[in-house]
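*Asks:* Quick one: structure below, then a few questions.
Values quoted throughout were computed directly from the atomic coordinates according to the rules given, and no laboratory measurement underlies them. These numbers come from a predicted model, not from an experiment. Neighbour counts are summed over all protein chains in view; Cβ atoms, including those assigned to glycine, are modelled from backbone coordinates with ideal geometry.
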Amino acid sequence: MSGPFASLKVVEVGELTSAPYAAKLFADLGADVVKIERPGAGDRARHRGPYPKNEPHPEKSGLFLYLNANKLGVTLDIFKPEGMELLERLAADADVLIHNMSPPDMDRAGLDFERFSRRNPRLVMTSITPYGLTGPYRDRLAEELTIWSQGGLTYLNGAGPDTREIPPLKVFGQQAGYQGGIHAAVATAGALMAQWRDGEGQHIDVSVYEVCASQLELTYVYWPYAQRVASRLGAKPVQPLEALECRDGLIFLCCVEDHQWKAFVELMGHPAWTDEELFRGRGRRTANWDAARLFVQEWLNEQTVQDLYHKAQAKRIPFAPVSTMGDLLNSDHLKARGFFVEIDHPQAGAYKYPGPPFKMSRTPWQLRRPAPALGQHNREIFGGRLKLSDAEMAQLKHKGVI
């Protein structure tokens, strides 16, 4: 292994996205990551899909295969004393322990930083929970929809307080989990630098609720500054600034500066309606955008997305195609950058997955192994690293510990 984290040992107790994604970011850069799953059921991501041909199978979930490539996988019930003891032994030889267990489950299992740091003072333990380890919401359980909504992002993605017919919306998938994982990985990397400098580990408390609230951009100050609530479809301070239909798809129009509007008018062939007093200047154009939109839409109906995009680029108008998943998979730019990688899994087969969102010139990202089958590396980890005998492992399996 030649990645920048090739000497790093990470233990992950994670399900779905946040902790698995945080650990994946280290695994992809060379870290030795041991993923712990529940015996029998395994990570819940195994049961989410998508699956090849829409046929559910715990070893073929695209979500699981993407998030857990480059990891070793074991099964361990840490709610049993013998299981927690084995987790402690793994963490005693690790640099990082990342998990996304809820605080009540942490208490029930005995997953306590002080307990682990007594055995390994250099350990960095990163806890990713819905609301954090303190505060009145500490013990509340939450799913993706709960956190995304409570964190304010669903409201921002709605129509706003004056347009009740279009409700707030959550983006697709597990975005709160991914964002929690990214923040956890950055914090963990920072704690590792402190560990290398000071020789001591620390406990990182990541609240996904706070992660979402921290991403609201300037929307906090809209209210004290202007008594306005920002929203997806609420009144925009300038126009045009929205997605409209072309002949073959959607394009996002961003044309808010006067020089951009002038260039767009030239691109449309300077139609007569643009000279009307209603549409002169940003203020009038914005106030009367409902009327202008009708004229613009009529012209867009005859345009193709890519042709208009490139023509707008040439005139320095910041339009953007609204890409479908097919557009992304077939993007010439992403192909040229080698963004997508093929993961060949012995049971799921070979499919394309996102690669790294960055390039490192000296210690590049590597795909070393596909995601593990459930319990695939039990013998290697428990027998090889922890020196358990075959008889001990058989007894632990019989008791449901591994």
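*Asks:* Of the GluC sites (Glu not before Pro) in the stretch 126-227, which ones lie in a loop per DSSP and count no more than 14 other C-beta atoms within 10 Å? Can you show the working numbers first?
*Replies:* On the way: sites: Glu143, Glu144, Glu165, Glu200, Glu210, Glu217; in loops: Glu143, Glu165, Glu200, Glu217.
Here the GluC sites (Glu not before Pro) that fit, given the DSSP loop and packing criteria, are Glu143, Glu165, Glu200, Glu217.
*Asks:* Based on the Cβ-Cβ distance from Ala287 to Leu328, what FRET efficiency comes out when R0 is 30 Å, to the nearest 0.05? Numbers along the way, then the final one.
*Replies:* Details: r = 36 Å, r/R0 = 1.21.
After rounding to 0.05, the efficiency reads 0.25.
*Asks:* Only four residue types carry charge here, +1 at the Cβ of Lys and Arg and -1 at the Cβ of Asp and Glu. Report the dipole size of the chain about the Cα centre in Debye, rounded to the nearest 20.
*Replies:* On the way: 47 positive and 48 negative charges, 131 e Å.
Once rounded to the nearest 20, the dipole reads 640 debye.
*Asks:* If amide hydrogens are placed 1.01 Å from N in the peptide plane, which non-local residues have theirs closer than 5 Å to the one on Ala320?
*Replies:* Phe252, Cys254
*Asks:* A further question follows. For the pair Glu302/Arg368, report the inter-label distance in nm, with labels modelled 7 Å from Cα in the Cβ direction.
*Replies:* Result for the modelled spin labels: 5.9 nm.
*Asks:* Also: Beyond 25 Å between alpha-carbons counts as too far, so tell me which of Lys24/Lys60; Lys60/Lys359; Lys60/Lys352 fall in that bin. Write down the numbers at each step before the final one.
*Replies:* On the way: Lys24/Lys60 18 Å; Lys60/Lys359 28 Å; Lys60/Lys352 13 Å.
Over 25 Å apart, Cα to Cα: Lys60/Lys359.
*Asks:* Take Met125, Met393, Met193 and order them by how many other Cβ atoms sit within 10 Å, fewest up front.
*Replies:* Working: Met125 25, Met393 17, Met193 9.
Least to most surrounded, the residues fall as Met193, Met393, Met125.
*Asks:* Within the stretch 3-29, what residues put their amide N at less than 15 Å from the label point 7 Å along the Cα-to-Cβ vector of Phe358?
*Replies:* Answer for this model: 3-6, 22-29.
*Asks:* What is the local net charge at Gln175, summed over the other residues whose Cβ is closer than 13 Å to its Cβ (Lys, Arg +1; Asp, Glu -1)?
*Replies:* Numbers: positive: Lys170; negative: Glu143, Glu144.
Summing Lys/Arg as +1 and Asp/Glu as -1 gives -1.
*Asks:* Run a plain Debye calculation on the chain (Cα atoms as equal point scatterers, no solvent) and give log10 I(q)/I(0) at q = 0.09 Å⁻¹, rounded to two decimals, same order as the q list.
*Replies:* Each listed q maps to, in turn, -0.68.
*Asks:* Taking every pair of Cα atoms in the stretch 202-347, average 1/r, invert it to obtain the Kirkwood radius, and report Rg/Rh to two decimals. Present the calculation step by step, with values, prior to reporting the outcome.
*Replies:* On the way: Rg = 20.2 Å, Rh = 18.5 Å.
Value, to two decimals: 1.09.
*Asks:* Treating only the Cβ atoms of Lys and Arg (+1) and Asp and Glu (-1) as charged, compute the dipole magnitude of the stretch 241-324 about its Cα centre; round to the nearest 20 debye. Could the numbers behind the result be given before it?
*Replies:* On the way: 10 positive and 13 negative charges, 59 e Å.
Result for the stretch 241-324 is approximately 280 debye, rounded to the nearest 20.
*Asks:* On a C-alpha basis, how far is the centre of the stretch 1-41 from the centre of the stretch 53-74 in Å? Whole number, if you could?
*Replies:* Each part reduced to its Cα centre gives a spacing of 14 Å.
*Asks:* Restricting to DSSP H runs of at least four residues, report the calculated mean residue ellipticity at 222 nm for the chain, -39500 (n - 2.57) per run over all residues, nearest 500 deg cm²/dmol.
*Replies:* On the way: 17 runs with 150 residues, N = 402.
It lands at -10500 deg cm²/dmol.
*Asks:* Continuing with the same structure: Restricting to the chain, what percent of DSSP beta bridges are antiparallel, rounded to 5? Walk me through the numbers on the way to the answer.
*Replies:* Values: 13 of 35 bridges.
Percentage antiparallel, nearest 5: 35.
*Asks:* Okay, next question. Round to a whole angstrom and tell me the spacing of the C-alpha centers of the stretch 341-402 and the stretch 187-229.
*Replies:* Here the two parts' Cα centres lie 31 Å apart.
*Asks:* Quick one, could you list the DSSP H helices from the chain stretching 27 Å or more along their long axis (Cα atoms) with average Kyte-Doolittle hydropathy of -1.0 or above? Kindly include the intermediate steps, with their values, before the conclusion.
*Replies:* Details: long enough: 175-198 (34 Å, 0.03).
Taking the DSSP H segments of the chain (at least 27 Å long, mean hydropathy at least -1.0), we get 175-198.
*Asks:* Straight-line reach from Lys311: which lysines have Cα under 25 Å away, leaving out those fewer than 8 places along the same chain?
*Replies:* Excluding near neighbours in sequence, the set is Lys262, Lys335.
*Asks:* Using Stokes-Einstein with the Kirkwood hydrodynamic radius over Cα pairs, what translational diffusion coefficient do you get for the stretch 340-402 at 37 °C and a viscosity of 0.692 mPa s, in µm²/s rounded to a whole number?
*Replies:* 223 µm²/s
*Asks:* Rounded to two decimals, what ratio of Rg to Rh does the stretch 241-324 give with C-alpha atoms and a Kirkwood Rh?
*Replies:* Values: Rg = 12.0 Å, Rh = 12.8 Å.
Here the Rg-to-Rh quotient is 0.93.
*Asks:* Could I ask something else about it? Taking Rh as the Kirkwood radius computed over C-alpha pairs, what is the Stokes-Einstein D of the stretch 17-132 at 37 °C in a medium of viscosity 0.692 mPa s, expressed in µm² per second? Spell out each step's value before the answer.
*Replies:* Values: Rh = 15.0 Å.
D, rounded to a whole number, is 218 µm²/s.
*Asks:* Let me ask another. Treat each spin label as a single point 7 Å out from the Cα along the C-beta direction, and report the Phe252 to Leu218 distance in nm.
*Replies:* So the label points at Phe252 and Leu218 sit 1.7 nm apart.
*Asks:* Report Rg (one decimal) and Dmax (nearest whole number) for the stretch 125-194, counting Cα atoms only, units Å.
*Replies:* Cα radius of gyration and Dmax of the stretch 125-194 are 15.1, 51 Å respectively.
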